[in-house]
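Q: Before we start, here is the structure in question, set down as structure tokens.
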Amino acid sequence: MPDGRLFIGTRRYSSWSLRGWLAVRLAALDVDEVLIPLDGSGATAAVAQVSPNGLVPHLEHRGNSVWESLAICEYCAEIAPALWPTDRAARAHARSVAAEMHAEFRELRQAMPMNLGRAFPGRGRTPGALADIARIQAIWRQASEQFGDRGPFLFGAGFTAADAMYAPVVARFLTYQPEIGALAREYGEAVRSHPLVDAWYRAASVEPEVWRVAKYENPE
């Protein structure tokens, strides 16, 4: 019998669900997945019934309730410590860039909402979004140069919680195709090729069309 449940939203759109799901799968938690289709309003009545903050993801595991993607990453890392780098300096840096992803980059999220099934090259390039993209590339460059010498991920050969937090950014770059540097492109290819990320994409591709949301399918 599974040890709990992980509530997620529509895979095609739910960037925060992807982050939490990656952490749970990297930690190999034995939980059932419960998908609640999202309507684009931020919170739905169905999600509010199962999540303390009315949002996804929400993890129930062995009697524990964990919501917010970064908290789920930390919870999973207590079970699977490899979710963070073993070196203290690298681990501190990884936590810092993961927390920055959790708290910042609102302009990018608004201008380039995640859509795993469409391509919108050239759209969403607001000044704020471009500033966020520049900062994200700087984060990736510093982490890779300082801690990721064995690549291909931010902190070396292993896919960590920091990579899970930035995986939806990679998805946005693939969808909207902003101008990014070679390091960002190579990192994006590595993230997209990770088996878990690819599994999420494949699952998103077979979601019912009735779950699609107009504002994400036809962004301004």
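The values are calculated or read from the model by the stated rules, or taken from the named source; none is laboratory data. Just so it is clear, the structure is predicted and the values come from calculations on it, not from any experiment. With ideal geometry, Cβ positions are generated from the backbone for all residues, glycine too; neighbour counts draw on all protein chains shown. Surface areas here come from the heavy atoms of the whole protein model, side chains and all, with no ligands, DNA or RNA. Shrake-Rupley method; radii C 1.70, N 1.55, O 1.52, S 1.80 Å.
Q: Considering only DSSP beta bridges where both residues belong to the range 1-117, give the percentage that are antiparallel (nearest 5). Display every interim value, and only then the final one.
A: Values: 8 of 13 bridges.
Restricted to the range 1-117, the bridges split so that about 60 percent are antiparallel.
Q: Shape of the chain from its Cα gyration tensor (a ≥ b ≥ c, root eigenvalues): rounded if a/c is under 1.5, otherwise prolate when a/b > b/c, or oblate? List each step's numbers first, then the result.
A: Values: a/c = 1.72, a/b = 1.06, b/c = 1.63.
It comes out oblate by the Cα gyration axes.
Q: Please give the per residue volume of the convex hull enclosing the alpha carbon atoms of the range 91-192, rounded to a whole number of Å³.
A: On the way: hull volume 8.5 nm³, N = 102.
In the range 91-192, the Cα convex hull volume per residue is 83 Å³.
Q: So, one more: Going by a ≥ b ≥ c, the root eigenvalues of the Cα gyration tensor, does the range 1-106 fall in the rounded group (a/c under 1.5), the prolate group (a/b larger than b/c) or the oblate group? Please list the in-between numbers first.
A: Numbers: a/c = 2.30, a/b = 1.35, b/c = 1.71.
Cα axes put the range 1-106 in the oblate bin.
Q: Quick one: compute the contact order of the range 122-187, relative version, from alpha carbon pairs under 8 angstrom and 6+ residues apart, as a percent.
A: Contact order relative to length: 34 percent.
Q: Provide the packing ranking of 65-73, 162-170, i.e. peptides ordered by the mean count of other C-beta atoms within 10 Å per residue, highest first.
A: Put in order of decreasing packing, that is 162-170, 65-73.
Q: While we're looking at this one, here's another question. Accessible area of the chain with a 1.4 Å probe: how many percent of it is carbon plus sulfur? Numbers along the way, then the final one.
A: Numbers: 5180 of 10280 Å².
Of all accessible area on the chain, carbon and sulfur atoms account for 50 percent.
Q: Heavy-atom accessible area per residue, the range 73-220, 1.4 Å probe: how many Å²? Please report the intermediate quantities before stating the final value.
A: Values: 7320 Å² over 148 residues.
With the other protein chains kept in place, the range 73-220 gives 49 Å² per residue.
Q: Now a separate question. Any idea what the relative contact order of the chain is, in percent, if you count C-alpha pairs under 8 Å spaced at least 6 apart?
A: Once divided by the residue count of the chain, the mean separation gives 24 percent.
Q: In addition: Let me have the 222 nm mean residue ellipticity of the chain computed from DSSP H runs of 4+ only, each contributing -39500 (n - 2.57), with the sum over all residues rounded to the nearest 500.
A: Working: 10 runs with 113 residues, N = 220.
Value at 222 nm, helices only, nearest 500: -15500 deg cm²/dmol.
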